[in-house]
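Undergrad: My questions all concern the structure below.
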């Protein structure tokens, strides 16, 4: 069935070329011919133009579940028991993966599995894949029945791709280790090879248990039981299997990551005997926290997060320290808690601060994820968390934006990395801390930037274009320029915060800008801010004219012209602005509206004009008040004029008398 | 009036009775103005004097030709044209002054009106160019 679904040699000669995408000049994707999802990722029919016999499918990771951040490197990992990813390409503007078509149905189709077939056809080949991954420094994190394919006969199963979606985001609870399952799916992070081994063990237990459907299992339904009885007891304890297999599963399903076998140990699992499951130290006398009796530090850490008030009481009274020291012999952990308790007593707080609780939990069980203010998460999952929170795809027990901002401040991540024993946490925390600094994350609304910063394959999360899966800036700019479906009621401006953050992250990744403020700024309106961002991007990416965007922005920029008080300047600049918009020159438009020298000059001219107007008004008032009477000076002048006329008359009279 | 003025008038009447009579009668308006001028500046008298002089030239010439006799002076004075011309000369001086003042007033009014129109036009020009708009955004410049 799956063979038919993923058949690659189906020809569609009548299709328009616009419905086809060519990847790396070799693989042609039919974007109108969908296939059933592969590894929970939308799949499409694809052809290899160089090899008619190779069956390939194209995967299109959606915006909410993007390919993993290191997918490009992971795609280079080759293993005979892994569906090979042949290409990962963004040339079309969005991420496309081309990988081998599954050789048969997924294990969810169900069949009967014997112990030896599970060992030889499932555990050993997947262990080989995990070994290759481990050598390359990656984790798979998608080992579950719907991502493992059975070619039938005596052939080994093949593992589907683990790079097409965020790590462990689709993993059902029963295939995840305790340290991962207590987190919401988006918060699980890359994990470790030990987590993959657990998933493989859980898969083996599920196959040997009769492949019972697990789709209706509620998330978190078994977590408490697994905490109390161990994951092995819950997932495989009821199975009737040979002692060797039981000991193998017990080791693989151990809740202590360090007690699980390495993939190399499983390469010959069928021949190897004597796997020993190490049990976690459990206290003979439990400590009661809330309604629960707790025997192990892991349980205590988990219940401490659930019953914080009760735990605070125990911690303040020193019960926890004494219990650790006397019942479990963990004197070092007890003394560290003692130091934390002393610091807390100095501060005088009645309740434990989130930082203190985080430290206590990390000291109690350093293999657990970070706990902050009600949320369990692995630091390297912060990118996925912010994307999930921003998109509203998941619900969280806390205000995730505020929580992530708080986590990113004050060296809390570094403190967790210091306390955690899980490999890679120090580097992951450093990367997240650097991303927080570079993305200038200072308030909850800025957290979305981390999704783009921590994953270069994160498509733009704006609801307007999420279905387009734009993963590169030029594709979004092109779409905006085309002006399709650009308007969104309630969004003041052309770009929404998701788009702005996406464009910024792309520019940063391409080395064009260093800080968010390099492209964004505070403007009078959202449209003016959008012009600032888009003009910078047009300049940085040398995109050429963008008349569609310019025309869209133009009607909303007239208010920005009012910064000039002179009507003549406003008119002239408005005409220039319209001309630049017609030419699609956003840079020129931005310069026209952000000419500080011209604004200063205009202001000076305005002050001069205001002074002149005041002077004229005074002169006008004086003229109105002025009396119509001739002033004395002028009157005297008129007297002199009359005298002069008289003198002239006298002389004329004298002359006439003499002459006549 | 100074005592010397009376002495001069007395001497003039004694030695030149014809000239004195003719001049005194023709300068009667001037003397009346001199007497009634409240400002005491005598500006009006000074102004009228050249006009009176212009009117006196011809009668005095006729009197000179007749050796300045009193009879001739009386006969000249009995000629109404001589007296009227002499007296109207003073009125002409006043009339010229009033016309000059009236013209000055008109010119001033015209100039004020022109200036007012000029200011109003300039103010309108400024208003049109720099009209304040409540929606003008604040700029940092």
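Readers should treat all values here as calculations from the given coordinates under stated rules, not as data from a laboratory. Just so it is clear, the model here is predicted, and its values are computed rather than measured. Cβ coordinates were reconstructed from backbone atoms using ideal geometry, including for glycine residues, and neighbour counts include every protein chain displayed.
Undergrad: What is segment A:369-442 by shape, rounded, prolate or oblate, if you read a ≥ b ≥ c off the alpha carbon gyration tensor as root eigenvalues and call it rounded for a/c under 1.5, prolate for a/b larger than b/c, and oblate otherwise?
TA: Prolate shape, in that a/c is at least 1.5 and a/b is the bigger ratio.
Undergrad: Further question: Using only Cα atoms, locate the centre of segment A:294-312 and the centre of segment A:445-467, then give the distance between them in Å, rounded to an integer.
TA: If we compute the Cα centre of each part, the gap is 36 Å.
Undergrad: Now, a different point. Helix-only mean residue ellipticity at 222 nm, chain A, DSSP H runs n ≥ 4 weighted -39,500 (n - 2.57), per residue, nearest 500. What is it?
TA: Calculated at 222 nm, the ellipticity per residue is -14000 deg cm²/dmol.
Undergrad: Treat the count of other C-beta atoms within 10 Å as a stand-in for reagent exposure and order A:382, B:107, A:285 from fewest to most.
TA: A:285, B:107, A:382
Undergrad: Whole angstrom only: what separates the Cα centroid of segment A:236-276 from the Cα centroid of segment A:151-182?
TA: Answer, in whole Å: 18.
Undergrad: Oh, and also: Going by how many other Cβ atoms sit within 10 Å of their own, how do A:416, B:53 line up, fewest first?
TA: B:53, A:416
Undergrad: Place the peptides A:159-171, B:66-78, B:93-105 in order of packing, highest mean first, counting for every residue the other Cβ atoms within 10 Å and averaging per peptide.
TA: The most tightly packed comes first, giving A:159-171, B:93-105, B:66-78.
Undergrad: Rounded to the nearest 0.05, what FRET efficiency do residue B:36 and residue B:131 have when you use their Cβ-Cβ distance and R0 = 60 Å?
TA: FRET efficiency, residue B:36 to residue B:131: 0.50.
Undergrad: For peptide A:630-642, compute the average count of partner chain beta-carbon atoms within 10 Å of each residue's beta-carbon.
TA: 6
Undergrad: In angstroms, what radius of gyration and Dmax does segment A:417-490 have, counting Cα atoms only?
TA: When restricted to Cα atoms, segment A:417-490 yields Rg and Dmax of 16.4, 51 Å.
Undergrad: Semi-axes of the equivalent ellipsoid of segment A:361-407: what are they in whole Å, largest first, if each equals the square root of 5 times a C-alpha gyration tensor eigenvalue?
TA: 20, 11, 9
Undergrad: What is chain A by shape, rounded, prolate or oblate, if you read a ≥ b ≥ c off the alpha carbon gyration tensor as root eigenvalues and call it rounded for a/c under 1.5, prolate for a/b larger than b/c, and oblate otherwise?
TA: Since a/c reaches 1.5 but b/c is at least a/b, the shape of chain A is classed as oblate.
Undergrad: Here's a follow-up. Which peptide among A:572-579, A:353-360 comes first, and what is the full order, when sorted by highest mean count of other Cβ atoms within 10 Å?
TA: The packing order, highest mean first, is A:353-360, A:572-579.
Undergrad: Please report the equivalent ellipsoid semi-axes of segment A:366-498, computed as sqrt(5 x eigenvalue) of the Cα gyration tensor, largest first, in whole Å.
TA: Working through the eigenvalues yields semi-axes of 31, 15, 12 Å.
Undergrad: Another one. Classify segment B:3-101 as rounded, prolate or oblate, taking a ≥ b ≥ c as the square roots of the eigenvalues of its Cα gyration tensor: rounded when a/c is under 1.5, otherwise prolate if a/b is larger than b/c and oblate if not.
TA: Judged from the Cα gyration tensor, segment B:3-101 comes out oblate (a/c at least 1.5, b/c at or above a/b).
Undergrad: Taking Cα atoms, how many degrees apart are the long axis of helix A:473-482 and the longest axis of chain A, rounded to 10 and kept between 0 and 90?
TA: 60
Undergrad: Sticking with this structure for a sec: Counting C-alpha atoms alone, how compact is segment A:541-648: give Rg to one decimal and Dmax as a whole number, in angstrom.
TA: Rg then Dmax for segment A:541-648, in Å: 27.7, 92.
Undergrad: For segment A:305-381, how big is Rg over Rh, using alpha carbon atoms and the Kirkwood form of Rh?
TA: Using only Cα positions, Rg/Rh for segment A:305-381 is 0.96.
Undergrad: To continue, here is another question. Per-residue mean of other chain beta-carbon atoms within 10 angstrom of the beta-carbon, peptide B:48-58?
TA: Whole-number average of other-chain Cβ neighbours for B:48-58 is 6.
Undergrad: Rg(Cα) of segment A:460-594 divided by 2.2 N^0.38 Å?
TA: Normalised Rg, Cα atoms only: 1.02.
Undergrad: Return one number: the angle in degrees, 0 to 90 and rounded to the nearest 10, between the long axis of the Cα atoms of helix A:331-347 and the longest principal axis of the Cα atoms of chain A.
TA: Helix A:331-347 sits roughly 30 degrees off the main axis of chain A.
Undergrad: When every alpha-carbon pair in segment A:107-266 is counted, what percent end up more than 23 Å apart?
TA: Roughly 29 percent, once rounded to a whole number.
Undergrad: Starting from the Cα of residue A:155, step 7 Å toward the Cβ, then list every residue of segment A:76-107 with an amide N under 17 Å from that point.
TA: A:79-85, A:99-107
Undergrad: Report, in deg cm²/dmol and to the nearest 500, the calculated mean residue ellipticity at 222 nm for chain B, where each DSSP H run with n ≥ 4 adds -39500 (n - 2.57) and the sum is divided by the residue count.
TA: The helix contribution divided over chain B gives -28000 deg cm²/dmol.
Undergrad: Peptide B:96-104: average number of partner chain Cβ atoms within 10 Å per residue?
TA: 6
Undergrad: Tell me, A:73, A:536, B:2, A:443 in order of fewest to most beta-carbon neighbours within 10 Å?
TA: Starting with the residue having the fewest Cβ neighbours, the order is B:2, A:443, A:73, A:536.
Undergrad: Taking 8 Å as the Cα distance limit and 6 or more residues as the minimum spacing, I'd like the relative contact order of chain A as a percentage.
TA: 10
Undergrad: Let me ask something else. So how tilted is helix A:596-625 from the main axis of chain A? Cα-based, degrees 0 to 90, rounded to 10.
TA: On a 0 to 90 degree scale, this one is about 30.
Undergrad: Mind telling me which of B:112, B:121, B:55 comes out most flexible in a GNM of chain B, alpha-carbon contacts under 10 Å?
TA: Per the Cα network of chain B with a 10 Å cutoff, B:121 tops the list.
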